[in-house]
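Taking it in order: structure first as structure tokens, then the write-up.
The values are calculated or read from the model by the stated rules, or taken from the named source; none is laboratory data. Fair warning: this is a prediction, and the values are worked out from it, not measured in the lab. Cβ sites come from the backbone with ideal geometry, for glycine too, and all protein chains shown count toward neighbours. Keep in mind that these areas ignore ligands, DNA and RNA; they rest on the heavy atoms of the full protein, side chains included. Shrake-Rupley method; radii C 1.70, N 1.55, O 1.52, S 1.80 Å.
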Amino acid sequence: MSIELGNFTAEERAAQEERLRKVWGTPKGLRYWTSVNNSEIGLWYACTAFAFMLFAGGLGLLMRLQLVVPNNNFLSADFFNQAFTLHGTVMMFLFAVPIFEAIAIFLLPSMLGARELPFPRLSAFGYWSFLLGGVFVCGSIFFNAAPNAGWFMYPPLATDEKYSGIGADIWLLGLSFIEVASIAAAVEIIVGIMKCRAPGMRINLMPMFAWYLLIVAGMILFAFPPLIAGDLLFEMERMFDWPFFDVARGGDPLLWQHLFWIFGHPEVYIIFLPAIALMAMIVPTFSQRPIVGYSWIVLAAVGTGFLSFGLWVHHMFATGLPQISLAFFSAASEAVVIPTGVQIFVFVATMLAGRVIFSVPMLFGTGGLIIFVIGGLTGVMVALVPFDWQAHDTYFVVAHLHYVLIGGMLFPVVAGIYYYFPFVTGKKLSDAWGKAAFWLMFTGFNIAFFPMHLSGLRGMPRRVFTYPQDIGWDWFNLISTVGAFVFAAGVATFVIDILRPKPAPSEPNLNPWNSGTLEWTNNPAEDWGMRSVPIISSRYPLWDQPNLQADIEAGRFYLPDAKSGRRETLVTSVLDATPIQCLRVGGTSYVTIVAALALGGVFIALTFKWWIATIICSIITFAAIVTWLWRGTAQIPEAPETDVGLGLKLPIYVSGPASVGWWAMFITMVGDGTAFASLIFGYFFYWTVHDDFTAAAQGPGVVWPITALVLFVAAWGLTLLARQLNEKGPNGARIALVAAIIVTLAACGAGLAGPYLYAMDPTAHVYPATVWIVAIWAVVHGVVGAIMQLYCLARSLAGKMTGEYDQDIRNVALYWHFMAFTAVVTFAVVGLFPLVSA
Amino acid sequence: MKSVIPREVETLWTLFTAPVVWAVHFLVCYVGFAVYCAKALSLHLSFDAVRIGLGVFTLLALAMIVLSAYLAWRQWGYGTGDPPHDAPTRQDRKHFQGFATLLLSGLSFIAVLYMAIPMIFIAECQR
């Protein structure tokens, strides 16, 4: 099949470009901040994350200054506690994860040949949430109120309000907010990679970066929700004294450790894989050949993604779990070495097979790999239970984790910034400055962190604010501090190189490294991304497809124009990337900022227990989100189909599994389901730790939970009925929706009636607290379900939802599948399990 | 005779079959022993009974992975073409999927074996 490319005269092209500029243009002045374009959001995201990194790095230097000599009193013990807690928290939550979201949002559309990711407003919402939550968490240290119990916040230390003050609440609420932003980014990335690739970019031709990001976004969906569930339990204990982690009332601090590390270990790979993904783009460019072992990289990415979920207990080897359990996690920790090793060998093989150009990005990349391999080897050591018992909570672990994270993440990210700087700005960073930065960072890093292995083996515990003289730690600490400042000098060199004014290149060159991947066709001076959406037939289209650049710029491919005056991008099929829809995405808007700021207000007001402010902010958030959905989603187009160029007409509106909105709902609910599963895990966890997990206390009975279960299932049935009837006409659907809303609300009442009527006191013991929390979880989801039914009813009455244009009801029906599952599991467990276990 | 081998399907999900089997096997082994070690007194089961049960489960998991590997090998065209499978054709896309699935089956097989090792060598809960 050959497709004849478009041919336009110079005037036609100029008119097209004018229209494209008008549609995709970034607003000027203060309204600039209302932009939702991926290039602005990605840039803000990256700069913000980078600023947080510099802040946390500064805290690290303060700690090194305190430890430079024994018995030092440069920092107080409490400030030191705040500093190391914030250092770890900020590096992980405000730098490592967001910077990759930033890079993904910035690069993916260009790499995939899309104009934009499918939900630009969601990205903007995520960014503003991240900024607000981040500033809130970081700012706390200036009020001496920062979290101080370590970045993993172990109870009972962190649940003790006298010790931890408000810091723990700031941590829990500030970060929950950022976790929401991460899940938003995951939805965006998965749907973007699956559905928005350029025509012809089959999955065997996808850039490596996209493969990695797809896996990472999937991991976020399963890793972050357990932490959200843990945060919920934790905050309920701190705010309302529900004893989830209080041993005296049947709680158990180990549940927090499980939930934290089910998140925490995959997290390491969530930040490592995207960094390696950057390497997978850089190495082929500077070896001037395609990557060796494309399928093996897919093996490595998918394999690591899965295996990383079987490692969490290796952070808990010293907690007294049965040794058979420890051995399982030790085995899995050794198994994950295989895929990790594969990807490193793939890079080495690619370099050996090509002619390597040792430019600055390659220096940072290879230097990072060397550091990472050392960290990997100490990782193999601490994955062995007996060794871990010796090294646990010592500086050996501090050394190990910094080798892994700085080698596996920071160095590749710096390599990526050097590599992609011309893509962002059209100008290159300096080679000389880059080399100086590299050698300062590389040597400084090793001088700072290698001695920590030795001080750790000599017994120096982590997180001590000072230490006595002459027990063999003095020199190591002195050397580490010197190294830390050399390392910081390297980072400073890099930052200055970025900030210093640079002359425009004499000859503009869009592809200065002679790369093969699609993103290098984009002109950074234009906001439209791809001038026209090309047909792809190679993994390295710029190397293999002649004239590609010129044809894209001449608008000879799809979507060369913006006649509708709307932002449009192509949706293609998952496997073979055949075009199936012309998707209209959201444009510039205030609503995302309002929604994010108001949601931030909810979390901040909760921290200080300002209940009225919480309620007001919740109402604003709700109103903003409904406005956003009502005005911006599922809009009925002026015509069913539109011309996307090259003689192809595509539908504008699709619903059900073919639509991006359906997938976003599905993905969100998978994450939501994982959080729910974590709560149910908690229920059964308490069952295992106690002989009688109800502590002979009153349960919710059988009648009310089963009533709730039946009513929720009925509401689910009515929602599905409404979806069916809607295809025939609006009246039947409206009646079914009204009935569904009534039944749903009744189900919610029945769900709470059990624990309420049996007077279960959630502060008395962990059993009533657990029953309440899962029941509340289900009922809150029920209320959201009722709001969705009401929304569909309103859309139908307003004529915005018809039999033909039925995205709303189809997405709501999908929500209700998950809702029904949640309700059945919740009420069967709380109603029936006490009978079974008795 | 009707074949018992599933017919070929066109989806991305098959890529994840073997790792999902690993994940299920991992969870069942971990949860199985965690519950057993916490509730041993009330369960009237010996450690060896749990071990044998999970051993059988391990064999089942390995069989599933072998089946996934066979299907992957078929999707790969029984190895008739060599990687890199980078042509812009449906055939190469299928071969790529098959090869990547085959590799993942191999990794999952090894990872399940790793999980079996503790069950061979550790003979009690040992708290």
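Listed values, structure above:
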quantity: Extreme residue, modelled with the highest pLDDT, among residues of segment B:102-127 that are over 18 Å from B:L60 (Cα atoms) and open to solvent by 70 Å² or more (accessible area, probe 1.4 Å); calculated: B:F121
quantity: Candidate set: segment A:552-584, residues that are within 14 Å of chain B (Cβ to nearest Cβ) and among the small types (G, A, S); chosen: the one nearest to A:R13 (Cα to Cα); calculated: A:A577
quantity: Selected residue [crowded, with 22+ Cβ neighbours inside 10 Å and over 29 Å from the mean Cα position of the chain (by Cα)] from A:P512, A:P508, A:P560, A:P546; calculated: A:P560
quantity: Boolean, A:I580 is hydrophobic (A, V, I, L, M, F, W, C), open to solvent by 20 Å² or more (accessible area, probe 1.4 Å) and farther than 25 Å from A:Q807 by Cβ; calculated: no
quantity: Within segment A:301-321, tally of residues that are more than 20 Å from the chain's Cα centre (by Cα) and open to solvent by 10 Å² or more (accessible area, probe 1.4 Å); calculated: 6
quantity: Selection count, segment A:203-244, where residues are touching a Leu at 6+ places or on another chain (Cβ under 7 Å) and outside any helix (DSSP H, G or I); calculated: 2
quantity: Filter result for B:C125 (within 10 Å of chain A (Cβ to nearest Cβ), assigned to a loop (DSSP other than H, G, I, E, B) and under 30 Å from A:P386 (Cα atoms)); calculated: yes
quantity: Evaluation of B:A34 against (1) farther than 23 Å from A:T304 by Cα; (2) among the hydrophobic types (A, V, I, L, M, F, W, C); (3) in contact (Cβ under 8 Å) with a residue 60 or more places away in the chain; (4) within 11 Å of chain A (Cβ to nearest Cβ) (one fails), failing number; calculated: (3)
quantity: Lone qualifier among B:F57, B:F26 - being in a helix (DSSP H, G or I), away from chain A (no Cβ under 12 Å) and surrounded by 15 or more Cβ atoms within 10 Å (Cβ to Cβ); calculated: B:F57
quantity: Long-range neighbours under 6 Å by Cβ, at least six apart or interchain, first residue assigned by TED's automatic domain parsing to the domain that holds A:F476 within segment A:54-79, second open to solvent by 30 Å² or more (accessible area, probe 1.4 Å) and not in a helix (DSSP H, G or I); calculated: none
quantity: Pick from segment B:86-101, criterion assigned to a helix (DSSP H, G or I) and open to solvent by 50 Å² or more (accessible area, probe 1.4 Å), ranking: farthest from the other protein chains (Cβ to nearest Cβ); calculated: B:Q91
quantity: Residue in segment A:27-41 that is within 23 Å of A:V90 (Cβ to Cβ) and within 28 Å of the chain's Cα centre (by Cα) present; calculated: yes
quantity: Residue satisfying condition, being under 19 Å from the mean Cα position of the chain (by Cα), within 14 Å of chain B (Cβ to nearest Cβ) and open to solvent by less than 20 Å² (accessible area, probe 1.4 Å), within set A:A181, A:A210, A:A229; calculated: A:A210
quantity: Residue satisfying all of: in segment B:44-54; in a helix (DSSP H, G or I) and open to solvent by 70 Å² or more (accessible area, probe 1.4 Å); nearest to the other protein chains (Cβ to nearest Cβ) among these; calculated: B:D48
quantity: Single residue of segment A:609-640 satisfying the filter (out of contact with any helix residue (DSSP H, G or I) (no Cβ under 9 Å at 6 or more places or on another chain) and open to solvent by less than 50 Å² (accessible area, probe 1.4 Å)) that is farthest from A:K800 (Cα to Cα); calculated: A:A639
quantity: Pick from segment B:102-122, criterion without any contact (Cβ under 8 Å) to a residue 12 or more places away in the chain and more than 7 Å from chain A (Cβ to nearest Cβ), ranking: nearest to A:V574 (Cα to Cα); calculated: B:I120
quantity: Single residue of A:S330, A:S308 found to be of a type in the set (S, T, N, Q), within 14 Å of chain B (Cβ to nearest Cβ), more than 22 Å from A:T394 (Cβ to Cβ) and out of contact with any Gly (no Cβ under 6 Å at 6 or more places or on another chain); calculated: A:S308
quantity: Flag if A:S140 is in contact with a helix residue (DSSP H, G or I) (Cβ under 7 Å, 6 or more places away or on another chain), in a helix (DSSP H, G or I) and closer than 23 Å to A:P266 by Cβ; calculated: no
quantity: Boolean, A:M409 is of a type outside the set (S, T, N, Q), farther than 20 Å from A:F272 by Cβ and open to solvent by less than 20 Å² (accessible area, probe 1.4 Å); calculated: no
quantity: Single condition A:F622 does not satisfy, out of (1) out of contact with any Gly (no Cβ under 6 Å at 6 or more places or on another chain); (2) in contact (Cβ under 8 Å) with a residue 12 or more places away in the chain; calculated: (2)
quantity: Any hit, segment A:285-303, residues being more than 13 Å from chain B (Cβ to nearest Cβ), over 19 Å from A:I262 (Cα atoms) and aromatic (F, W, Y); calculated: yes
quantity: Subset of segment A:161-173 [of a type outside the set (S, T, N, Q) and either in contact with a helix residue (DSSP H, G or I) (Cβ under 6 Å, 6 or more places away or on another chain) or within 23 Å of A:P226 (Cβ to Cβ) (or both)]; calculated: A:G167, A:A168, A:D169, A:I170, A:W171, A:L172, A:L173
quantity: Some residue of segment A:518-537 being more than 14 Å from chain B (Cβ to nearest Cβ), of a type in the set (S, T, Y) and either part of a helix (DSSP H, G or I) or on the phi < 0 side of the Ramachandran plot (or both); calculated: yes
quantity: Any pair with Cβ under 8 angstrom, 6 or more apart, that starts in segment A:798-810 at a residue that is more than 18 Å from A:A639 (Cβ to Cβ) and ends at one that is open to solvent by less than 40 Å² (accessible area, probe 1.4 Å) and among the charged types (D, E, K, R); calculated: A:M801/A:R795; A:M801/A:D808; A:D808/A:R795
quantity: Enumeration of residues in segment A:339-352 that are within 14 Å of chain B (Cβ to nearest Cβ) and open to solvent by less than 60 Å² (accessible area, probe 1.4 Å); calculated: A:P339, A:T340, A:G341, A:V342, A:Q343, A:V346, A:A349, A:T350
